[in-house]
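In what follows, a single structure is set out as structure tokens and then discussed.
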Amino acid sequence: MKYNIAVLPGDGIGPEITQQSIKVLKAVADRFDHEFHFEEADVGAIAIDKYGEPLPESTLELCKGSHAVLFGAIGDPKYDLDPSAKVRPEQGLLRLRKELGLFANIRPVKAYESLIHQSPLKREHIEGADMIIYRELTGGIYFGEKSTSVDGQSASDLCAYSVEEIERVAHLAFKAAETRRNKLTLIDKANVLETSRLWRKTVTEIARQYPKVKVDYLFVDNAAMQMILNPRQFDVILTENMFGDIISDEASVIGGSIGLLESASVGNSSALFEPIHGSYPQAAGQGIANPLASVLSAAMLLDHLGLKTEAETVRMAVDLSLKLNVCTIDINKDNHYSTERVGDFLESVISDTENHIVNKENLSLGQTTII
Ligand code: IPM
Ligand code: MN
């Protein structure tokens, strides 16, 4: 079957990591006989430079007409250092999420056995941790009314949620819990925020439709601590936009590197796949960026297209790269590989239908001839 995939490499390390995912997806297409048609478009700082806006109409149209969007990263220090900038690269991603109706951002987090020894957290705390975060993505403080007073002495960001906005993402999270360990934790700040109280009330009501799922409620400050002290307690986490942004960066420490965390943003029709990390501008063009989060996002894209075996094949290749330490410097300090070499390795594992690389006897051969 033929699939149209919009590719939005974006800023900083976005283009180089996305390139590796395309390599991987092309290897998948060859091996499993699919046709992926990739079309690139600008978004973020690069789009502001070229067109004066972070999300040109042509980019939006391309995304709307595609089966899926593969997104790189967004952001540039020249905007971070200028709080008075009128246009910002991040607005491109936020508008894209809103326009495509991507109300749920799904972020799986697990402790990779082969990386546990290098985690700053203790093995006994993180071993076996395996959770999935459902972050609401098109509401809350990110999208509420913003204002700065005329004299510049005060500013405000409104946090608003409707029952409907809470319900649609909550149903997805409950359904996911039913396929996992039947546990859902709602993270909120219901002791202080009115919106959080609406989340609790709505989620408690929805829970009746999913009697097998046990629901826990945690205040976000406590949840931030629990994430480090006892992450194994989490199965499905459901939370609002900003708490989800923060808690998922924190959770990435469990995975070993933020360079490993993939995500899918879904709605009623479109879907977008992106690593959770940012554009890491200091590293751009140096070949040191970890492509695995992007590649794992591409695996989620394959899942979304219904290509389960293909997605598993990509994950198997990533697992092998971690096991054999064919990794970038964030994971492999002493004997690291470049962004492109990691991509080449994944491509060869996927194309290796006779399992030359997977086969233990050929590991050394694989390392010298293929990498
Ligand atoms: C993320 C990012 C974005 C967000 C930024 C780039 C707007 O941090 O996807 O987590 O805050 O949602
Ligand atoms: Mn973030």
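Some notes on this structure:
- When LEU218, LEU198 are checked against the criterion of being outside any helix (DSSP H, G or I) and at pLDDT 95 or above, LEU218 stands alone in meeting it.
- Unique match (being under 25 Å from MET225 (Cβ atoms), surrounded by fewer than 18 Cβ atoms within 10 Å (Cβ to Cβ) and of a type outside the set (Phe, Trp, Tyr)) among ARG135, ARG123: ARG123
- Residue in segment 321-335 that is nearest to VAL349 (Cα to Cα), counting only those that are open to solvent by 60 Å² or more (accessible area, probe 1.4 Å) and among the charged types (D, E, K, R): LYS323
- One residue stands out among those in segment 225-242 that are farther than 15 Å from LEU184 by Cβ, open to solvent by 10 Å² or more (accessible area, probe 1.4 Å) and part of a helix (DSSP H, G or I): the one that is nearest to ligand 1 (Cβ to nearest atom), which is MET242.
- Comparison of SER248, SER279 shows that the only residue that is within 14 Å of ligand 2 (Cβ to nearest atom), assigned to a helix (DSSP H, G or I) and either under 15 Å from the mean Cα position of the chain (by Cα) or in contact (Cβ under 8 Å) with a residue 12 or more places away in the chain (or both) is SER248.
- Pairs where the first residue, in segment 330-350, is closer than 12 Å to ILE17 by Cα and the second is part of a helix (DSSP H, G or I), C-beta under 6 Å, 6+ apart: THR339/GLU16; GLY343/GLN20; GLY343/LYS23
- Only one of GLU165, GLU113, GLU127 that is within 20 Å of ARG197 (Cα to Cα), away from ligand 2 (no atom under 16 Å from the Cβ) and assigned by TED's automatic domain parsing to the domain that holds ASP235: GLU165
The values are calculated or read from the model by the stated rules, or taken from the named source; none is laboratory data. Just so it is clear, the structure is predicted and the values come from calculations on it, not from any experiment. For neighbour counting, all protein chains shown are included, and Cβ atoms are generated from backbone atoms with ideal geometry for every residue, glycine included. Calculation scope for accessible area: heavy atoms of the full protein, side chains included, ligands and nucleic acids excluded. Shrake-Rupley method; radii C 1.70, N 1.55, O 1.52, S 1.80 Å.
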